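J.: This is the structure I have questions about; it appears just below.
Every read-out reported here was derived from the displayed coordinates using simple, explicitly stated rules and does not represent laboratory data. Just so we're clear, the structure is a prediction, and the values are computed from it rather than from any experiment. Ideal geometry is used to build each Cβ from the backbone, glycine not excepted, and the neighbour counts take in all protein chains shown.
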Amino acid sequence: MPPHAVAGHLVIIVAPLTSILALVYALRPSTRRALRWPLVVVGAVTAALVVWAGEVGGDLLDELTRSAQSAGQELPAAVQHHAKGSDALAVAIFVLGVVVLSVVWGLLRPGRPSTTGARVAGAVLVVAAVTVLVTTGTVLAQAMEAVWATHGLWPA
């Protein structure tokens, strides 16, 4: 199994977990004290995993491109769609990470009173978390299409 498959599976598991923790943190102020550090840690793990997945994904893309060229074929469009979608997921995860780090020690830190700024920060956190959830699902669907489109190019 290519390392990208392992890294990708881990991202597909951990990114939604980060998003769900962020949603609960934003929408349930009573949980903020308990979720503050788990959210930061899981967010950091997610960021590290998406970097790893991107690095080994690039290696796999190069290998598939060479394989397609040696077979006199073009790389299927599904592979390029997945690569672009994965880039979008990486950006979404890093944006979520920045928002999380900004709000857990700022406007949404535990014990801080609710203000208009806190409500806006909560809304931004919700939007970032939902974006990661949607993008994760999209990239997963693109990955499945890419796998099926390239099964004839896999090295034996």
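J.: Here are R33, R66: which of them is farther than 23 Å from I12 by Cα and out of contact with any Pro (no Cβ under 7 Å at 6 or more places or on another chain)? Full working, then the answer.
T.: On the way: R33 fails: out of contact with any Pro (no Cβ under 7 Å at 6 or more places or on another chain).
After ruling out the rest, the residue left standing is R66.
J.: What do you reckon, is V103 more than 17 Å from V14 (Cβ to Cβ) and either free of Cβ contacts under 8 Å to residues at least 12 places away in the same chain or touching a helix residue (DSSP H, G or I) at 6+ places or on another chain (Cβ under 8 Å) (or both)? Steps first, please.
T.: Numbers: more than 17 Å from V14 (Cβ to Cβ): yes; either free of Cβ contacts under 8 Å to residues at least 12 places away in the same chain or touching a helix residue (DSSP H, G or I) at 6+ places or on another chain (Cβ under 8 Å) (or both): yes.
Yes; evaluated as a whole, the condition is true for this residue.
J.: Further question: Any idea which of L10, L39, L27, L21 is loosely packed, with under 15 Cβ neighbours inside 10 Å and either within 15 Å of the chain's Cα centre (by Cα) or under 22 Å from V134 (Cβ atoms) (or both)? Let's see the steps before the verdict.
T.: On the way: L10 fails: loosely packed, with under 15 Cβ neighbours inside 10 Å; L39 fails: loosely packed, with under 15 Cβ neighbours inside 10 Å; L21 fails: loosely packed, with under 15 Cβ neighbours inside 10 Å.
Result of the check over L10, L39, L27, L21: L27.
J.: Next up: Considering only the range 42-87, how many residues are more than 26 Å from T138 (Cβ to Cβ) and among the aliphatic types (A, V, I, L, M)?
T.: 1
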